[in-house]
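The values are calculated or read from the model by the stated rules, or taken from the named source; none is laboratory data. This one's a predicted model, so the numbers in the text were calculated from it and none came from an experiment. With ideal geometry, Cβ positions are generated from the backbone for all residues, glycine too; neighbour counts draw on all protein chains shown. Only protein heavy atoms, including side chains, enter the accessible area calculation; ligands, DNA and RNA are left aside. Shrake-Rupley method; radii C 1.70, N 1.55, O 1.52, S 1.80 Å.
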Amino acid sequence: MKRILNMTLSLIFLLILTSCAESSTLEKIGMITTVGYDKGEDEEINTTTLILETDPQSMDSTNVISSRSLTSKGARIESNLKSPKKLESGQLRVALFGEDLAKDGLFNLADTLSRDHSISDLTFLAIVEGNAGDLIKHKYPQFSDAGQYVYKEIEQNIKGEVISSPTLHETVHDYYSVGVDPLLPLLKLEDDMINITGMALLNGDKMVGRISPSDSFYVKLVSDRFKAGNFEITFKNGEEDVLFPSLPPSADIAVALDTIKSKSNIELIDPDSMTFNLNVQINARLLEVNRDINLSKNENLELIEKKIRKKITKEIEQLIQYSQSKQSDVFGFGEEYRTKEGHSKLTDEEWHDRFKDINVKVNTKFVIIRTGVVE
C-alpha cells in the first residue's frame, strides 16, 4: 500500500513539473506561422517572418521580423538576433514567395522547408504578385494575422474545389516528377484585402505564366476529380442553335453550376506524332441561368448542354495551348507519355521541349443531372 502511495505521489509531482516545464518553454519560444521570401540585392534573400505572440500582456497578436541573408537558414539566424524568443518553425502554415524571386526559381527554398523535420508537409505555398514581405507586414483593418487569413483563404478554396491543393508535399512531388509541373496560387494585396487572383504556372521551379481563377477550374477538371464544387460559365447566344431568338447572337448567357462531379483521363494515341486524347466527363446541377427560360423543356436543356460542352472544350484547348507556349505541363501529359513509352531516363528539359509540340484532342461529355434544388 505504501509503495502504491509513493508511486501515486511521484506521478503527481511529475505531472506538475512537466506542466511547469511546458509553460516555461512556451514563454521562451517564438512560433513562426508564416514566412515570406523576396529577391534581394547581390543574390541575397529578403525574409519576412510572422511570429504568433504568446505573451498575454502583448498588445499585438503577431510580431513581424525582417532579415536579409544568402540562405533561409542564415535568415533564421539573423531573425533570432532580433527576437527576444527562440524562433521555432513547427507551427509554420504558409510560405509565400515574391513574384520576382519565383521567376528566378523558388525550389531551393521549398526544398529547404521540406527537409526541415519540424515543418509539416501540409504547409501551403503561394506566390505573391509584388512583394511577399509587404503583404505580411501590411496593417489590415479587418484582421490582425495576415498569415492565418491566407491559410484559411487557401484552405476554404481547396475545400470548395476552386483551386488545386498547393501543399509543400504536393509541390515538391510535382517538381521531382518528370512530366508534370507545379501550380501555385497567386495572391495580391488589394484595398486592404488579400485576394487570390489566379494560379501561377511553373516550369520546374520557375514561374513562367499565370492563369485566371476560372482557368484553374479547367486544370483541376483535367488533372483531378470534382466531387462537389461550383462554377459559372458564360457562352454566346450564337447564330446557330440559338437559345434565345429574341436576343442578338453576341448576347452573353451566364449559367451557374454546382454539385459538379467529374472524371477525366489522358490517353497517348500515337507516340510518333505525340497525339493524345483528353476525355472529360462532367455531371452537374444547373443552379441558375441569367435569362428567363423554360427549363422543363428537354430541348432547352439539351441545347444548354451542347453549348456548355462546346465552351468547356474550347476553353480547355486554349488553356493547353497557352501552357504549351509557356512549356509548363500542369496537366500531366508527360506522365502518361513516360508511363506508356517507358522513358525512364526522360528529363524535364527533354519533356518541356516536346510538350510544346504535342497534339491534344479534347472529348467532353457534359450532362445536366438536375435543375435547381427541389427537382
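Looking at the chain, the accessible area is 53 square angstrom per residue; that uses a 1.4 Å probe and ignores ligands, DNA and RNA. Within the assembled protein chains, the solvent-accessible surface assigned to HIS169 is about 100 Å², based on a 1.4 Å probe.
The amide H of GLY105, built 1.01 Å from its N in the peptide plane, has MET207 as neighbours under 5 Å, considering only residues 5 or more places off or on other chains. Relative contact order for the chain: 13 percent, from Cα pairs under 8 Å spaced at least 6 residues apart, divided by residue count. Taken one residue at a time, the phi angles of region 259-270 give Karplus couplings (6.51, -1.76, 1.60, θ = phi - 60°) of 6, 6, 10, 9, 8, 8, 8, 9, 10, 7, 8, 9 Hz. Gly and Pro are set to x. Extending 7 Å from the Cα toward the beta-carbon at both ASP100 and ALA251 defines two label points whose distance is 5.0 nm. Checking the Cα-Cα distances for LYS220/LYS297; LYS188/LYS311; LYS159/LYS340; LYS159/LYS261 against a 26 Å cut-off, the pairs over it are LYS220/LYS297; LYS188/LYS311; LYS159/LYS340.
Here the accessible area of region 242-345 is 43 percent carbon and sulfur, with a 1.4 angstrom probe and all protein chains present. Here the label points at ASN279 and ASP42, each 7 Å from Cα along the C-beta direction, are separated by 6.0 nm in the simple model.
Among the listed options [x] 1.22; [y] 0.99; [z] 1.06, the one matching Cα Rg over 2.2 N^0.38 Å as calculated from these coordinates is [x]. Enter the angle in degrees (range 0 to 90, nearest 10) between the Cα long axis of helix 146-159 and the first principal axis of the Cα atoms of the chain, meaning the one along which they spread out most. Orientation of helix 146-159: about 40 degrees from the principal axis. In sequence order, region 329-340 has phi-based couplings of 8, 7, 8, x, 4, x, 5, 5, 5, 5, 5, 6 Hz under the Karplus curve 6.51 cos²θ - 1.76 cosθ + 1.60, θ = phi - 60°, and Gly or Pro positions carry x. Take each peptide in 299-306, 128-135, count the other Cβ atoms within 10 Å of every residue, and average; sorted highest first, the result is 128-135, 299-306. Of all DSSP beta bridges confined to the chain, the antiparallel ones make up roughly 65%. Can you list the residues of region 351-372 with backbone N under 17 Å from a point 7 Å past the Cα of LYS261, pointing along Cα to Cβ? Zone members listed by number: 365-372. In this simple spin-label approximation, LYS361 and GLU232 carry label points 7 Å from Cα along the Cα→Cβ vector, and these lie 3.6 nm apart. Within region 238-375, the percentage of alpha carbon pairs spaced more than 20 angstrom apart rounds to 56%. If you run the Gaussian network model on the chain, springs between alpha carbon atoms under 10 Å, then out of ASP121, ASP241, ASP258 the most flexible one is ASP241. Backbone amide hydrogens, once placed in the peptide plane, bring SER120 within less than 5 Å of LEU92, excluding anything fewer than 5 places away on its chain. Computed FRET efficiency, Cβ-Cβ of GLU317 and HIS117, R0 35 Å: what is it to the nearest 0.05? Plugging the Cβ-Cβ distance into 1/(1 + (r/R0)^6) gives 0.20. Calculated mean residue ellipticity at 222 nm for the chain: -11500 deg cm²/dmol, from DSSP H runs with n ≥ 4 weighted as -39500 (n - 2.57), summed, divided by the residue count and rounded to 500. Within a straight-line Cα-Cα reach of under 19 Å, LYS227 can be paired with the following aspartates and glutamates, leaving aside sequence neighbours fewer than 8 residues apart in one chain: GLU155, GLU161, ASP215, ASP258. Within the listed set MET274, MET207, MET31, the Gaussian network model of the chain (springs between alpha-carbon atoms below 10 Å) gives the highest mean-square fluctuation for MET274.
Here region 293-326 and region 245-264 have alpha carbon centers that stand 7 Å from each other. With the charge dipole of the chain set up from +1 on Lys and Arg Cβ and -1 on Asp and Glu Cβ about the Cα centre, the Cα lying farthest toward the positive end among the listed residues PHE97, SER79, ILE282 is that of ILE282.
Phi-derived couplings, Karplus 6.51 cos²θ - 1.76 cosθ + 1.60 at θ = phi - 60°, listed residue by residue for region 185-199: x, 9, 10, 8, 7, 9, 6, 6, 10, 9, 10, 7, 9, x, 10 Hz, with x used for Gly and Pro.
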